[in-house]
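Beneath this line is the structure, given in structure tokens, with notes to follow.
The values are calculated or read from the model by the stated rules, or taken from the named source; none is laboratory data. Everything numeric in this text was worked out from a predicted model, so none of it was measured. Reconstructed Cβ throughout: ideal geometry from the backbone, glycine too, with neighbour counts over all protein chains shown. Heavy atoms of the whole protein, side chains included, go into the accessibility calculation; ligands, DNA and RNA do not. Shrake-Rupley method; radii C 1.70, N 1.55, O 1.52, S 1.80 Å.
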Amino acid sequence: MEGNAPDGTGPMHVPFGHIVANEKWRGSQLAQGMQGKIKLVFEDGLTPVDFYLSSKSCLIYVTEAELVAGNGYRKRLVRVRNSNKLQGIVVVEKTQMSEQYFPAVQKFTVLDLGMVLLPVASQMEASGLIIQLVQEQTREPSKNPFLRKKRAQVSEPALLRSVQQIPGVGKVKAPLLLQRFPSIQQLSNASIRELEAVVGPAAAQHIHAFFTQPR
């Protein structure tokens with residue numbers, strides 16, 4: 001196994017169909033949820049990365065406890081975002097306890113850093129999402145809707161869920177938005193006029209305000 005760069009944000013050699021996981025996740029519910037479904041390799045010294053999905057794509061997992069504790073998680077996100085060698089996906093535990101902190105992390109991740117954010121309700125849900133991400137890459141990496149700005153696969157439940165949670169969107173408008181704006185980053189950069197053409201003026205105002213107004 002080739003190591004990563006000294007700062008923890010360089011490429012990691014990941015065997016095809018495997019996940020390289022930070023040692024801190026060994027024995028966790030998240031890791032247990034992936035056991036038997038995908039091959040996990042645990043490594044020390046992966047900070048700030050939690051999981052490498054491929055040699056150039058990684059996942060940062062923000063727990064409920066981290067959200068409640070403050071903004072400490074932001075340093076990890078910034079380190080990955082500033083690396084020109086990695087594509088980072090941010091997965092955040094959105095629970096009853098952490099829900100009040102979610103808008104802030106969503107704004108920071110999507111609007112300020114331009115990264116993809118996917119909310120999950122539990123580590124078990126996250127394990128299924130991570131397996132799905134790896135399966136997408138092993139089929140055809142260039143078509144992974146979470147990493148590429150190609151036409152979205154609207155059947156992807158995690159991507160749909162994250163768009164559905166934007167005020168004024170819901171289950172009907174989310175697939176329409178993903179057809180026109182294949183990534184959350186593109187959606188966050190869309191103008192009101194562009195949004196109106198897809199979902200109408202009322203919903204367009206809600207969506208635009210969600211990404212642009214401070215919380």
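Take residue 20 and tell me if it is modelled with pLDDT under 95, of a type outside the set (Phe, Trp, Tyr) and closer than 30 Å to residue 189 by Cα. It is false that residue 20 is modelled with pLDDT under 95, of a type outside the set (Phe, Trp, Tyr) and closer than 30 Å to residue 189 by Cα. For the range 75-105, a residue qualifies if it is assigned to a helix (DSSP H, G or I) and open to solvent by 20 Å² or more (accessible area, probe 1.4 Å), and the qualifying residues are 75, 76, 78, 79, 81, 99, 100, 101, 103, 104. Exactly one residue out of 167, 214 is of a type outside the set (Phe, Trp, Tyr) and at pLDDT below 80, and it is 214.
Are there any pairs, at least 6 apart or on different chains, whose C-beta atoms fall under 9 Å, with the first in the range 191-203 and at positive phi and the second in a helix (DSSP H, G or I) and not hydroxyl-bearing (Ser, Thr, Tyr), and if so, which? Cβ pairs passing all conditions: 200/173.
Looking only at residues of the range 172-195 that are modelled with pLDDT under 90 and charged (D, E, K, R), we find that the one that is least open to solvent (accessible area, probe 1.4 Å) is 173. Evaluated against (1) under 17 Å from the mean Cα position of the chain (by Cα); (2) closer than 20 Å to residue 128 by Cα, residue 99 falls short on exactly one condition, (2). Of all the listed residues (49, 68, 14), the sole one being surrounded by 15 or more Cβ atoms within 10 Å (Cβ to Cβ) and at pLDDT 85 or above is 49.
Pairs linking a residue in the range 101-115 that is touching a residue at least 40 places away in the same chain (Cβ under 8 Å) to a residue that is among the basic types (Lys, Arg) and part of a helix (DSSP H, G or I), with Cβ atoms under 7 Å and 6 or more positions apart or on different chains, are 115/81.
Scanning the range 46-90 for residues that are over 15 Å from the mean Cα position of the chain (by Cα) and of a type in the set (Ser, Thr, Tyr) yields a total of 3.
Checking the stated criteria, residue 116 turns out to be surrounded by 19 or more Cβ atoms within 10 Å (Cβ to Cβ) and either modelled with pLDDT under 90 or in contact with a Ser or Thr (Cβ under 7 Å, 6 or more places away or on another chain) (or both). Those strands (runs of 3 or more DSSP E) of the range 12-64 in which at least 3 residues are closer than 17 Å to residue 85 by Cβ, in contact with a strand residue (DSSP E or B) (Cβ under 8 Å, 6 or more places away or on another chain) and assigned by the TED database to the domain that holds residue 110, considering only elements entirely within it, cover 57-62.
Within the range 126-137, residues that are farther than 12 Å from residue 37 by Cβ and modelled with pLDDT under 80 sit with their Cβ atoms under 6 Å from residues that are hydroxyl-bearing (Ser, Thr, Tyr) and open to solvent by 20 Å² or more (accessible area, probe 1.4 Å), at 6+ positions apart or across chains, in these pairs: 137/54.
Every listed requirement among (1) touching a strand residue (DSSP E or B) at 6+ places or on another chain (Cβ under 9 Å); (2) open to solvent by less than 50 Å² (accessible area, probe 1.4 Å) is met by residue 161 save one, (2).
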